[in-house]
Amino acid sequence: MAKPYFPGNVPGIKTAMVVTPEQAAKIIKKAKRRIVVTGAQLREVDEAIKLADGALVVAPNTFPAFKEKGAEPVLMNKVNITNLLRDASKWNGLDGKGPYNLAIYMGSPYYYESQMLSCLKHFSTCKTISISRFYQPNATYSFDNLSEKKWEKALADLVKFMEE
Amino acid sequence: MKRASMKAEEVHTPSTTIKGLEISIGKILGEEWEEKMGPTPMPSPTDLRDWDFRLLKRYQPFYGPFCDSCCLCTYGKCDLSDHKKGACGLDIETQQGRIILLACLIGATAHGAHAHHLVDHALETAGDMDIDMGEGVQVEAPVTRLVTGIRPTKMSDFLEVLDYAEEQITHLLSATHTGQEGNVIDFESKALHASMIDQMFMEVADIAQICHYGLPKGDPDAPLVDIGLGVIDRTKPVILCFGHNTVPSAAVMDYMNIHGLYNSVEIAGLCCTAIDMTRYENRAKIAGHISHQIKYLKTGVADVITVDEQCIRTDTLELAQETGTIVIATTDKICYGLPDRTHKDPQETIEMLLNGEIPGALVLNPELVGEIAVEVAVRIHPKRKMKRFNVKKAASECIQCGKCNKACENFIDISRGMKEAQEGNYSYFSDVFMKCMGCGKCLAVCPNNIDIIRIMSEAAKEMIMDEKYKIRVGRGPIQDTEIRNVGQPIVMGEIPGVIAFVGCPNYEEGPEELVEMAKTFLDRRYIVVATGCAAMDLAMWKNEEGKTLYELYPGGFDAGCLANVGSCVSNAHIAGAAIKIASIFARRDLRANYEEIADYILNRVGAVGIAWGAMSQKAASIATGVNRLGIPVIVGARGAKYRRMYLGRKDVPKDWEVYNARDGSIVEVGPGPEHLIYASESKEEAIVMAAKLCIRPNDTTKGRQIKLAHYIDLHKRYFGVYPDDIHLYVRTRADVPITEKDTVDKILEEKGWKEKSIPDPTLLERLVRGK
């Protein structure tokens with residue numbers, strides 16, 4: 001059983017299922033409507049762009065890096081997008097076409113991401129998958145704790161499986 | 001006359017003789033205060049509930065629970081995941097409200113007990129003195145006046161205030177018992193009530209110490225004092241005072257003064273006690289904030305440590321014993337199992353401490369603390385021999401298991417530091433030293449019990465020697481005259497906002513981010529105020545000429561000024577300044593008129609708190625207390641761990657409707673301020689958000705232009721694009737900053753913007769003047 005990266009960050013009863021890149025790709029592909037939500041510490045801009053299927057929300061300070069790559073993400077603070085997703089059944093998404101049923105989270109300080117994911121775990125119909133480097137027990141699905149190298153490979157594999 | 005008292009040395013009656021007779025009769029005649037009593041004197045937990053519900057309808061609680069279960073009674077543990085209810089009927093959301101209320105109560109009671117102690121001490125030692133806050137401060141206790149309807153003129157008036165406040169706390173705490181409150185918004189309303197009481201506790205505490213100790217009374221030119229890890233002269237006996245309650249440390253300084261020891265003994269403080277010590281005696285020094293406690297303990301810098309209360313490491317005695325530092329506990333909050341030597345011969349206590357019979361003592365009489373602390377420090381200093389600490393050898397015990405890295409929330413690569421230290425290279429540890437927040441979790445997990453903090457501190461020794469800065473002494477309240485000068489430009493929006501840096505140092509990147517944020521707003525001529533550990537960290541930077549922010553910016557309450565207001569309890573003066581703008585500048589009735597004043601502040605006063613490293617329950621109640629007054633607060637990423645924010649929804653126009661007090665019409669005014677409490681992920685986000693949160697519905701067009709100009713400019717600077725919500729803040733074309741006209745006009749067109757009227761905004765229907 002996976003342990004939170006910070007051992008004290010044990011939420012209790014309901015914890016994320018650990019997934020491999022291949023499993024993560026299947027879950028993401030299966031989602032009816034997905035959204036990628038990235039944080040202020042994100043460096044993996046290319047991967048975020050590749051994983052998004054139109055719906056990409058990025059932390060404002062990282063926006064210039066996305067622009068450089070020619071992407072047109074929505075710039076929004078993570079608290080604000082999480083607050084909208086909390087209301088997932090009523091919020092019709094960035095394009096007004098209906099609620100998202102899967103949110104892919106990455107790129108925030110560990111403890112901050114944990115609280116955002118906890119909000120959605122308890123108060124939203126939207127499932128979450130964390131593809132950051134460390135296991136996030138408050139997500140629905142999460143990568144395990146990984147070394148820098150293994151995580152880079154996991155992200156690359158995830159993108160590869162998504163393209164297959 | 002409010003009270004009568006009579007003293008007689010000797011009274012003879014036919015049957016007996018009474019010596020030392022003293023009769024005191026409480027208030028026997030009516031009020032001297034002309035202002036009529038407002039609608040809510042000494043409000044109960046439900047009297048301001050309507051206001052809270054209005055606020056919380058717009059700013060709904062957002063919860064990120066820490067824990068899926070509840071373990072507060074023997075029915076539990078109860079599983080609250082997947083919308084299950086616990087045995088008592090509470091669900092996870094309501095449980096969060098309950099926990100938040102508890103946190104706010106813990107914070108409030110810490111200040112409350114502190115305030116009560118200060119008032120009692122002042123009454124016991126100096127009698128019932130006048131409340132005199134100086135010539136420039138006629139509205140001496142704005143929070144107290146607002147909440148209770150009492151205008152304190154004597155120290156003893158605070159006893160009635162505290163009675164009321166403590167009764168409220170009891171009611172509120174009882175609501176957290178199993179089988180009491182069952183509605184989440186009512187829990188939040190109670191948290192707001194507890195935190196309002198906390199604001200009053202803080203105000204009472206600071207006024208009591210200002211009057212009793214003669215601390216600065218709103219002095220914008222308060223002196224500069226030394227701050228930093230390098231300010232302590234370790235060749236002298238060193239006394240360090242940890243905590244928040246200045247009574248014992250003031251006694252230590254008195255003793256040093258009486259015996260002419262200031263040149264031969266070093267006295268410095270950590271945390272808010274440090275700030276208050278320098279308000280009392282500017283020869284005292286500030287050694288730093290809470291993060292550095294463990295570093296001082298581990299390196300044995302102090303010969304004697306006094307601990308008073310709040311935010312002190314609970315293992316202080318244990319750590320002090322490692323280096324032979326003597327600990328003197330001075331309040332009933334922290335006793336550490338030490339022998340109570342309050343009523344014993346101090347000379348005997350001194351001998352027992354010096355010969356190692358006891359590692360410390362509980363001394364509840366401040367005067368004795370002064371004598372014992374100083375005498376022990378002076379006599380033990382020449383005898384204390386710190387064992388030589390071999391950094392390389394200590395580091396060689398490291399087996400690179402990496403557990404310390406996983407314990408460090410600041411992601412310091414301790415394993416790397418250890419590896420390099422094993423090779424005699426200490427540069428990494430020296431570089432990250434200030435980033436270490438001193439939690440000591442790395443020590444707790446190390447399988448080889450390596451003294452990581454000591455290693456890091458020794459590695460940073462040379463760097464520490466240069467850590468010398470200047471901070472302006474805490475000035476206390478904002479003067480009424482300053483409020484008169486800035487009231488109009490703040491309310492009209494011409495001064496773009498008041499930014500208050502408050503709270504603890506629990507952040508990843510050390511002081512630099514805080515300094516950058518403050519400097520940004522100072523250079524844009526916002527009013528910047530600071531308290532507590534944040535005020536200290538703002539001093540920890542120098543420009544190329546070696547000047548700190550406190551040397552570069554004046555200490556007034558005016559545009560482009562940086563005012564260090566004081567310690568944690570001085571936070572009440574920030575709320576007080578906002579209240580005084582409504583009262584002094586706008587001439588709104590202040591007395592027991594909470595709703596109207598809060599409504600005024602929410603709609604008119606562009607003040608924002610930034611608690612970048614908020615850590616404690618006190619910080620939770622301080623933030624929630626100003627939230628009830630309509631002042632938004634931004635916390636840093638760690639603040640998300642408070643597990644609750646109050647968030648507005650700018651995409652729901654109906655949430656931003658107000659009454660136009662002129663005619664009672666309902667007008668949509670846009671999302672200002674957008675949130676009440678908000679956890680920001682990055683400093684860039686916080687800076688831009690703070691500029692935006694200063695926007696208020698009542699801004700004049702000129703004021704709105706100025707505020708939007710800053711918001712747009714900062715957004716472009718940090719994010720490279722225009723904000724996507726400008727159209728929500730433009731009411732008429734006259735609101736658009738001239739320099740941005742072309743682009744903003746285009747954005748308005750794209751968004752289908754329509755002109756709106758500018759009302760006299762209020763959330764309170766009763767304030768509508770005519771239909």
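Residues whose amide H comes within less than 5 Å of that of B:HIS675, counting only those at least five positions distant or on another chain, are B:GLY648 (H built at 1.01 Å from N in the peptide plane).
Only protein heavy atoms count here; on that basis, with a 1.4 Å probe, B:GLU668 has an accessible area of about 60 Å².
Over all pairs of distinct alpha carbons, what does the Kirkwood formula give as the hydrodynamic radius of the stretch B:341-384, in Å? Before the final figure, lay out each step's value.
Working: mean 1/r = 0.0965 Å⁻¹.
After inverting the mean inverse Cα-Cα distance, the result is 10.4 Å.
Here each label is just a point 7 Å from Cα along the line to Cβ, and for B:THR125 and B:ASN263 those points are 2.7 nm apart.
As an equivalent ellipsoid, chain B spans semi-axes of 42, 35, 26 angstrom, where each value is the square root of five times an eigenvalue of the C-alpha gyration tensor, largest first. Nearest 100 Å² is fine: how much accessible area is buried between B and A, summed over both sides, with a 1.4 Å probe? The contact between A and B buries close to 3600 Å².
Simple point charges give the picture: +1 on the Cβ of Lys and Arg, -1 on the Cβ of Asp and Glu, and for the stretch A:1-104 a dipole about the Cα centre of about 400 debye. Only alpha carbons enter this Debye calculation for the stretch B:601-688, each as an equal point scatterer, and the log10 of I(q)/I(0) it gives at q = 0.12 Å⁻¹ is -0.40. Measuring max minus min along each principal axis, the C-alpha atoms of the stretch A:6-164 give extents of 37, 35, 30 Å (largest first). With R₀ set to 51 Å, the beta-carbon distance separating B:ASN355 from B:SER44 gives a calculated FRET efficiency near 0.35.
Given the peptides B:515-526, B:538-549, B:599-610, B:638-649, arrange them by the average over their residues of other C-beta atoms within 10 Å, most packed first. Intermediate values should be presented prior to the final figure.
Details: B:515-526: 19.8, B:538-549: 17.1, B:599-610: 26.8, B:638-649: 23.5.
With the highest mean Cβ count within 10 Å placed first, the list reads B:599-610, B:638-649, B:515-526, B:538-549.
Here the calculated FRET efficiency for A:LYS50 and B:ILE738, from their Cβ-Cβ distance with R0 = 60 Å, stands at 0.90, rounded to the nearest 0.05.
In this rough spin-label picture, where each label sits 7 Å from Cα along the Cβ direction, the A:LYS29-B:MET386 distance is 6.2 nm. Between B:LYS84 and B:GLU509, residue separation times 0.36 nm minus the direct Cα-Cα distance comes to 149.1 nm.
Using C-alpha positions alone, give me the convex hull volume of the stretch B:441-556 per residue in cubic angstrom. Can you show the working numbers first?
Details: hull volume 15.2 nm³, N = 116.
In the stretch B:441-556, the Cα hull volume divided by residue count equals 131 Å³.
Shielding value for A:118-131 is 3, the average number of Cβ atoms from other chains within 10 Å of each residue's Cβ. The ratio of the alpha-carbon radius of gyration of the stretch B:576-651 to the globular-protein estimate 2.2 N^0.38 Å is 1.21. Computed about its Cα centre, the charge dipole of the stretch B:475-629 is approximately 580 debye, with only Lys, Arg, Asp and Glu carrying charge at their Cβ.
Per residue, the protein assembly as shown exposes an accessible area of 38 Å² to a 1.4 Å probe, with every protein chain left in place. The string of couplings for the stretch B:487-502 from the Karplus curve (6.51, -1.76, 1.60, θ = phi - 60°) is x, 5, x, 6, 5, 7, x, 6, 8, x, x, 10, 10, 10, 8, 9 Hz, one whole number per residue in order, with x for Gly and Pro. Within 10 Å of the Cβ of each residue in B:62-72, the mean number of Cβ atoms contributed by other protein chains is 6. Please give the FRET efficiency for A:ASP157 paired with B:THR170, using the beta carbon to beta carbon distance and R0 = 56 Å, rounded to the nearest 0.05. FRET efficiency, A:ASP157 to B:THR170: 0.45. The C-alpha radius of gyration of the stretch B:392-486, expressed as a fraction of 2.2 N^0.38 Å, stands at 1.56.
I'd like the per residue volume of the convex hull spanned by the Cα atoms of the stretch B:706-750, given in cubic angstrom.
Numbers: hull volume 3.1 nm³, N = 45.
Taking only Cα atoms, the stretch B:706-750 has a hull volume of 68 Å³ per residue.
Only beta bridges with both residues in chain B are counted; by DSSP, about 40 percent of them are antiparallel. Evaluating 6.51 cos²θ - 1.76 cosθ + 1.60 at θ = phi - 60° for every residue in the stretch B:718-730, the Karplus couplings come out as 8, 10, x, 9, 6, x, 8, 10, 4, 4, 6, 9, 9 Hz, glycine and proline recorded as x. Semi-axes of the equivalent ellipsoid for the stretch B:550-602, computed as √(5λ) from the eigenvalues of its C-alpha gyration tensor and ordered from largest down, come to 25, 13, 8 Å.
Treating each Cα of the stretch B:206-253 as an identical point scatterer and summing with the Debye formula, the log10 of I(q)/I(0) at q = 0.15, 0.17, 0.27 Å⁻¹ comes to -0.58, -0.74, -1.18. For the protein assembly as shown, the dipole from Cβ point charges (+1 on Lys and Arg, -1 on Asp and Glu) about the Cα centre works out to 2680 debye, to the nearest 20. Counting Cβ atoms of other protein chains within 10 Å of each residue's Cβ and taking the mean over peptide A:135-141 gives 1.
Beyond 29 Å in Cα-Cα separation lie the following of the pairs A:LYS78/B:LYS519; B:LYS217/B:LYS285; B:LYS403/B:LYS519; B:LYS441/B:LYS641: B:LYS403/B:LYS519.
Taking chain A as a Gaussian network of alpha-carbon nodes connected by springs under 10 Å, the highest mean-square fluctuation of the residues A:VAL18, A:VAL37, A:VAL79 belongs to A:VAL79.
Need the full-extension length gain, B:GLU318 to B:LYS393, defined as separation in residues times 0.36 nm minus the C-alpha distance. One decimal, nm.
24.7 nm
How big is D for the stretch B:281-323, in µm² s⁻¹ as a whole number, if Stokes-Einstein is applied with the Kirkwood radius of its Cα pairs at 10 °C and 1.306 mPa s? Write down the numbers at each step before the final one.
Details: Rh = 11.2 Å.
In µm²/s, the coefficient is 141.
Distance between the pseudo-spin-label points of B:LYS154 and B:LEU364 (7 Å out from Cα toward the beta carbon): 2.7 nm.
Dividing the convex hull volume of the alpha carbon atoms of the protein assembly as shown by its residue count gives 186 Å³ per residue. For B:ARG662 and B:GLU423, the difference between the fully extended length at 0.36 nm per residue and the C-alpha to C-alpha distance is 78.5 nm.
The values are calculated or read from the model by the stated rules, or taken from the named source; none is laboratory data. Keep in mind that what you see is a predicted model, and the values were worked out from it rather than measured. Because the Cβ atoms are built from the backbone with ideal geometry, glycine has one as well, and the counts that use them run over all protein chains shown. These accessible areas exclude ligands, DNA and RNA; they are computed on the full protein's heavy atoms, side chains included. Shrake-Rupley method; radii C 1.70, N 1.55, O 1.52, S 1.80 Å.
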